[in-house]
Amino acid sequence: MKYIGHGNKEIVERVLSPIEAKEKIKKIKELKEVVISSRIARECIDIAYGFFTPLEGFMGKEDVNQVCKKMTLKDGTLWSIPIIFDITQQEIKEKGIKEGDTILLRYQDSPFAFFEIEEIFKYSKEEIAQNILGTTDTKHPGVKMLDAFKDTFLGGTITLINTPQFNPPFDKFWYTPRQLRKKFSQKGWKRIVAHQTRNVPHTGHEWLMKGAWFSANGDLPVEKLQTGILVSCIIGPKRVGDYIDEAILLCQHKLHQEGYFRDDIHMVSFVLWDMRYAGPKEAILHAIIRSNLGCTHHMFGRDHAGVGSYYDPYDAHRIFDQIPLSSLNIKPIRILEWWYCPICQEVTYSGLCGHIEHQQKFSGTMIRSIIQDKVQPARLLMRPEVFEKIMETAEHYGFGSPFCSEEYLAQRQPVFELSPL
Ligand SMILES: [Zn+2]
């Protein structure tokens, strides 16, 4: 089946079987090996399975430059965040890596991917930060991440040679873009609206999804539903205090297990991605990735992918006004806030309710502190079954806490593992 993704290109798939990989390794004279970071490993998987279609590898200098200056790849395809392989000049020298080489990338002590190096180059990290994040302030987590990049970049294509084996509960939620598209067509979904999250759901999130479902479903017939919600969780590096990954996935899934969403209109999966907190630019990248997953719509709430006060809360909406509609195969759904109104006595939408002075916003921070004390939040804030699931995952995966602790970060079971080739 031919699946068309971003840039109207066929969904990329660059994966070799272990047998093909071993054959190829034999043919390479003096195989050079590089051990990669977890970020680069995640991005190799994204490239190889087509989450980043049309990219077939890490960017060369002209792509990075155009992404910074024009928000496109060098061929004019919309793209908003550079995908970069960083390495030290010293390692390049020591290993004698040169343009034209095919090197072996190693991860978790196993052969992981082939990297055909087309280009070795340097690019100013400050310039990337200024253009993509709109700041060079080192307090911005995206700037901090870029700062930690090594001094030299490699561009070229990636071929995965080791299929990641996802540990429970991730295995149940792992779908490549091709697998997801197959799933959508089995479900009979004509429209799919993506909900991006790194949270366990409170009722505000639930209403956000419901509102977006109505928007996406629009003029379609309703006797037989053809619109689905894809909860697309971001799984990447964790910091102390974040919800543990397992709680995010299992609690989102719990919403349809308990019927808060019909089973036939809601599903959960995840994308491996290290958030840059690039606000509007990151909103565009999220839209690109979800269009590759086969989604037709993407919801954007307040301050999407933002951090601190670096972006206006609705910058991530307005950036879609700057791009031609034809440059994306997915439509943004712009959403204001859902809150509780004591006059309406219900969760309501800030675009509808007129009792603005009575609004009670959902505070993620407040809900977290209630959960931290192992107290069940009020039903209006969080479904009781979700709270129970949080506590269950805390015991099962979180060393007693639903939030990442030093212990969890050091001893958690990895999201995926590799087998020796
Ligand atoms: Zn009201």
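The values are calculated or read from the model by the stated rules, or taken from the named source; none is laboratory data. It should be emphasised that the depicted structure is a prediction, and the values quoted were computed from it without experimental measurement. Cβ placement follows ideal geometry from the backbone for every residue including glycine, while neighbour counts extend to all protein chains displayed. When the accessible area is computed, the model is the full protein with side chains, heavy atoms only, and any ligands, DNA or RNA have been set aside. Shrake-Rupley method; radii C 1.70, N 1.55, O 1.52, S 1.80 Å.
Some notes on this structure:
- The stretch 256-271 residues that are under 20 Å from residue 170 (Cα atoms), paired with ones that are open to solvent by 50 Å² or more (accessible area, probe 1.4 Å) (beta carbon under 6 Å, 6 or more apart): 256/263
- Residues of the stretch 55-70 satisfying the condition of being in contact with a strand residue (DSSP E or B) (Cβ under 6 Å, 6 or more places away or on another chain) and either surrounded by fewer than 23 Cβ atoms within 10 Å (Cβ to Cβ) or in a helix (DSSP H, G or I) (or both): 56, 60, 61, 66
- In summary, residue 144 fulfils each of the numbered conditions (1) open to solvent by less than 60 Å² (accessible area, probe 1.4 Å); (2) part of a helix (DSSP H, G or I) with the single exception of condition (1).
- Some residue of the stretch 396-403 being outside any loop (DSSP other than H, G, I, E, B) and free of Cβ contacts under 8 Å to residues at least 24 places away in the same chain: no
- Unmet criterion (only one of (1) basic (Lys, Arg); (2) farther than 26 Å from residue 180 by Cβ; (3) outside any strand (DSSP E or B)) for residue 42: (2)
- The residue of the stretch 118-132 that is surrounded by the fewest Cβ atoms within 10 Å (Cβ to Cβ), among those that are over 28 Å from residue 30 (Cβ atoms) and without any contact (Cβ under 8 Å) to a residue 60 or more places away in the chain, is 124.
- Subset of the stretch 341-388 that is open to solvent by 50 Å² or more (accessible area, probe 1.4 Å) and in a strand (DSSP E or B) - its residue that is farthest from the ligand (Cβ to nearest atom): 361
- The set of residues in the stretch 219-236 being farther than 30 Å from residue 38 by Cα, under 26 Å from the mean Cα position of the chain (by Cα) and part of a loop (DSSP other than H, G, I, E, B) consists of 226 alone.
- Selection from the stretch 162-201 of residues that are in a helix (DSSP H, G or I), over 16 Å from residue 5 (Cα atoms) and open to solvent by less than 30 Å² (accessible area, probe 1.4 Å): 170, 173
- Screening residue 291 on (1) in contact (Cβ under 8 Å) with a residue 12 or more places away in the chain; (2) of a type in the set (Ser, Thr, Tyr); (3) over 20 Å from residue 270 (Cα atoms) shows it passes everything except condition (3).
- Enumeration of residues in the stretch 15-30 that are part of a loop (DSSP other than H, G, I, E, B) and open to solvent by less than 50 Å² (accessible area, probe 1.4 Å): 16, 17, 28
- Within the stretch 313-340, if we keep just the residues that are away from the ligand (no atom under 16 Å from the Cβ) and in a strand (DSSP E or B), the residue that is most open to solvent (accessible area, probe 1.4 Å) turns out to be 331.
- Looking across the stretch 39-54 at every residue that is open to solvent by less than 10 Å² (accessible area, probe 1.4 Å) and either of a type in the set (A, V, I, L, M) or touching a His at 6+ places or on another chain (Cβ under 7 Å) (or both), the one that is farthest from residue 96 (Cα to Cα) is identified as 53.
- Within the stretch 96-117, being part of a strand (DSSP E or B), open to solvent by 10 Å² or more (accessible area, probe 1.4 Å) and without any contact (Cβ under 8 Å) to a residue 60 or more places away in the chain holds for one residue alone: 116.
- The residues of the stretch 238-250 that are in contact with a helix residue (DSSP H, G or I) (Cβ under 7 Å, 6 or more places away or on another chain) and not in a helix (DSSP H, G or I), listed by number, are 238, 240, 244.
- Residue 36 passes every criterion in (1) of a type in the set (Val, Ile, Thr); (2) open to solvent by less than 10 Å² (accessible area, probe 1.4 Å); (3) under 13 Å from residue 154 (Cα atoms) apart from (2).
- One residue stands out among those in the stretch 210-268 that are closer than 19 Å to residue 393 by Cβ and of a type in the set (Lys, Arg): the one that is most open to solvent (accessible area, probe 1.4 Å), which is 239.
Rundown of residues vs (1) of a type in the set (Phe, Trp, Tyr); (2) at pLDDT 95 or above; (3) closer than 17 Å to residue 53 by Cα, yes/no style:
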| site | (1), (2), (3) |
| --- | --- |
| 255 | no, yes, no |
| 261 | yes, yes, no |
| 265 | no, yes, no |
| 269 | no, yes, no |
| 277 | yes, yes, no |
| 291 | no, yes, yes |
| 300 | yes, yes, no |
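- The stretch 251-304, subset among the polar types (S, T, N, Q) and outside any loop (DSSP other than H, G, I, E, B), residue nearest to residue 415 (Cα to Cα): 269
- Boolean, residue 289 is under 18 Å from the mean Cα position of the chain (by Cα) and either within 16 Å of the ligand (Cβ to nearest atom) or not charged (D, E, K, R) (or both): yes
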